[in-house]
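Visitor: Dropping a structure here in C-alpha cells format, bear with me for questions.
Only the coordinates and a few stated rules stand behind these numbers; no lab work does. Note that the coordinates shown come from a computational prediction; the quantities given were computed from them, not determined experimentally. Reconstructed Cβ throughout: ideal geometry from the backbone, glycine too, with neighbour counts over all protein chains shown.
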Amino acid sequence: MTKLYVGNLSYSVNDATLAEFFTEYGPVTSAIVIMDKMSGRSKGFGFVELEDDAKAADAIKNLDGTDFDGRNIKIAEARPMEPRH
C-alpha cells in the first residue's frame, strides 16, 4: 500500500472527489483532504492511499502536474509525519 501526497488542490475538492479522481489507478483505501481547524476550509492538500504500489507509481508519473478542478496538482509519495516538539 502506498500513501500519496496531493498538493495544490482546489478548495472545492472534498474526500469523495479526491478518491474518485484516483480510482482509475486501482482501489483507493482512503482519501482525505486536510481541513483548517479554525475556518473549516480546505488547506489545499490531501492524502490518498492506493492498494497497488505499482499503480501508485503510475499515478505519480501520469497525474503529477495535470489539471484537476482547474488547478495543476502536485503528486508525490507521502513522507512520514515529523514528530512535533
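Visitor: Which residue is surrounded by the most Cβ atoms within 10 Å (Cβ to Cβ), if the candidates are limited to segment 32-43 and must be among the aliphatic types (A, V, I, L, M) and over 16 Å from Ile75 (Cα atoms)?
Guide: Among them, the one singled out is Met35.
Visitor: Tally the residues that are under 10 Å from the mean Cα position of the chain (by Cα) and over 17 Å from Leu63 (Cα atoms), restricting the search to segment 1-32.
Guide: Number satisfying all stated conditions: 3.
Visitor: Further question: Any chance you could count how many residues in segment 16-31 are loosely packed, with under 15 Cβ neighbours inside 10 Å and either assigned to a helix (DSSP H, G or I) or not hydroxyl-bearing (Ser, Thr, Tyr) (or both)? So that I can check it myself, show each step before the final result.
Guide: Start the filter on segment 16-31 by keeping residues that are loosely packed, with under 15 Cβ neighbours inside 10 Å, which leaves 16, 20, 23-24, 27, 29-30.
Filter once more, keeping what is either assigned to a helix (DSSP H, G or I) or not hydroxyl-bearing (Ser, Thr, Tyr) (or both): 16, 20, 23-24, 27.
Counting residues in segment 16-31 that are loosely packed, with under 15 Cβ neighbours inside 10 Å and either assigned to a helix (DSSP H, G or I) or not hydroxyl-bearing (Ser, Thr, Tyr) (or both) gives 5.
Visitor: Quick check: is even one residue across segment 62-81 basic (Lys, Arg) and in contact with a Ser or Thr (Cβ under 8 Å, 6 or more places away or on another chain)?
Guide: Step one: of segment 62-81, the residues basic (Lys, Arg) are 71, 74, 79.
From what's left, in contact with a Ser or Thr (Cβ under 8 Å, 6 or more places away or on another chain): 71.
Yes, some residue in segment 62-81 is basic (Lys, Arg) and in contact with a Ser or Thr (Cβ under 8 Å, 6 or more places away or on another chain).
Visitor: Now, a different point. Every residue in segment 45-65 that is assigned to a helix (DSSP H, G or I), charged (D, E, K, R) and surrounded by 13 or more Cβ atoms within 10 Å (Cβ to Cβ), please. First the steps, then the outcome.
Guide: Initially, segment 45-65 is screened for residues assigned to a helix (DSSP H, G or I), giving 53-63.
Of the ones still in play, those that are also charged (D, E, K, R) are 53, 55, 58, 61.
If the condition is that a residue be assigned to a helix (DSSP H, G or I), charged (D, E, K, R) and surrounded by 13 or more Cβ atoms within 10 Å (Cβ to Cβ), then Lys55, Asp58 are the ones that fit.
Visitor: Is there a residue being surrounded by 15 or more Cβ atoms within 10 Å (Cβ to Cβ) and without any contact (Cβ under 8 Å) to a residue 24 or more places away in the chain anywhere in segment 66-83?
Guide: No, segment 66-83 contains no residue that is surrounded by 15 or more Cβ atoms within 10 Å (Cβ to Cβ) and without any contact (Cβ under 8 Å) to a residue 24 or more places away in the chain.
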